[in-house]
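So that we are looking at the same thing, I have put the structure below in structure tokens.
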Amino acid sequence: MRHERRAPILETVLSSLALAVLPRLADDSSGGGFVPPSINDLFPDAVLFADTPFALNRILLIRLLAVVIISLILWLGSRRMRVVPSKGQVAFEFMFDFIRKGVVIDTLGEKDGRRFMPVLLTIFFATLAMNLTGTIPGLQIASTSLIGQALLMAILAYVLFVYAGIKKFGVGRFFKNALWLPGVPIFLRPVIAILEVLSTFIVRPVTLTLRLTMNMVAGHMLLALCFLATNFFLITVLGSGNAIGLIGVGTLGLGVAFTVLELFVGVLQAYIFTILTAIYIQLALAEEH
């Protein structure tokens, strides 16, 4: 009798988790067979305002939710700062100072660090929030796994370091510092200049975009595969009396392990994106390379 009661609960939990990862399974016609994750699942149909310029799908709604939540956390954490901090304030200050001192000030120095502090902190916390939505049950997708979001952040980083260099040196001297490297033989300078154009103004934004996107796509596909396999083996296979369905216990364990890994990767990628942006700004502000 206990087993009969537990089975529907287990089925509900696993099915809900699997459907949260890939909602398309709700209308799947595979006849109960295993349906592997597909890249097409990163492009869901519109949920609100379909067939209009303001159409919102599941991923866009998750982005809006992530922005609201991270803004609320930052507001609540900073509105009542005390000389003798509470435990919550200590956690908030540690998270804040991790980027403020460990990335921005250490890379750009006190003066330039303060100038670019707001935008670099925004990049970090926005990227972090959108990365971590991929591990939250019911959301189960990182909105940075679509290239458009990562590209937008990379364009922002690009504009920042170009602006910083032009603001300090002017257009002519900035590009001279970036492309016309001192100490290089004169006959090699045109070749080096072409390589620097590719490296500085093309490769940087491209690598920022692809690094973030590919890491988040890979993480989503791994989690989707593990939890869909768990749902299939424990519910479909084991539910039909086939002991091979116990494989689902292993896939569930892998899913939990990959979830922890994805949390780490989400934080790491936000950190890498932010520190690279700070480094590019620092290079743009350098007198010569």
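The values are calculated or read from the model by the stated rules, or taken from the named source; none is laboratory data. Note that the coordinates shown come from a computational prediction; the quantities given were computed from them, not determined experimentally. We place every Cβ from the backbone using ideal geometry, glycine too, and count neighbours over all the protein chains shown.
Of the residues 259, 200, which is hydroxyl-bearing (Ser, Thr, Tyr), assigned to a helix (DSSP H, G or I) and more than 22 Å from residue 107 (Cα to Cα)?
Going through 259, 200 in turn, just one is hydroxyl-bearing (Ser, Thr, Tyr), assigned to a helix (DSSP H, G or I) and more than 22 Å from residue 107 (Cα to Cα): 259.
Does any residue in the range 188-216 that is under 21 Å from residue 279 (Cβ atoms) come within less than 8 Å, Cβ to Cβ, of a residue that is surrounded by fewer than 14 Cβ atoms within 10 Å (Cβ to Cβ) six or more places away or on a different chain, and which pairs are these?
192/184; 205/155
Would the range 111-128 turn up any residue that is more than 16 Å from residue 164 (Cβ to Cβ) and acidic (Asp, Glu)?
No, every residue in the range 111-128 fails to be more than 16 Å from residue 164 (Cβ to Cβ) and acidic (Asp, Glu).
Are any of the residues in the range 151-170 surrounded by 20 or more Cβ atoms within 10 Å (Cβ to Cβ), touching a residue at least 24 places away in the same chain (Cβ under 8 Å), under 13 Å from the mean Cα position of the chain (by Cα) and under 30 Å from residue 60 (Cβ atoms)?
yes
Hey, can you tell me all the residues within the range 80-114 that are surrounded by 15 or more Cβ atoms within 10 Å (Cβ to Cβ) and within 14 Å of residue 282 (Cβ to Cβ)?
Hits for the range 80-114 are 103, 104, 105, 107, 108, 112, 113.
Let me ask another. Within the range 133-183, how many residues are under 22 Å from residue 206 (Cβ atoms) and assigned to a loop (DSSP other than H, G, I, E, B)?
Total meeting the criteria: 3.
Could you tell me which of the residues 229, 270, 278 is modelled with pLDDT of 90 or more, over 20 Å from residue 132 (Cβ atoms), of a type in the set (Gly, Ala, Ser) and part of a helix (DSSP H, G or I)?
278
If residue 190 passes every condition in (1) part of a helix (DSSP H, G or I); (2) surrounded by 13 or more Cβ atoms within 10 Å (Cβ to Cβ) but one, which one does it miss?
Residue 190 satisfies every listed condition except (2).
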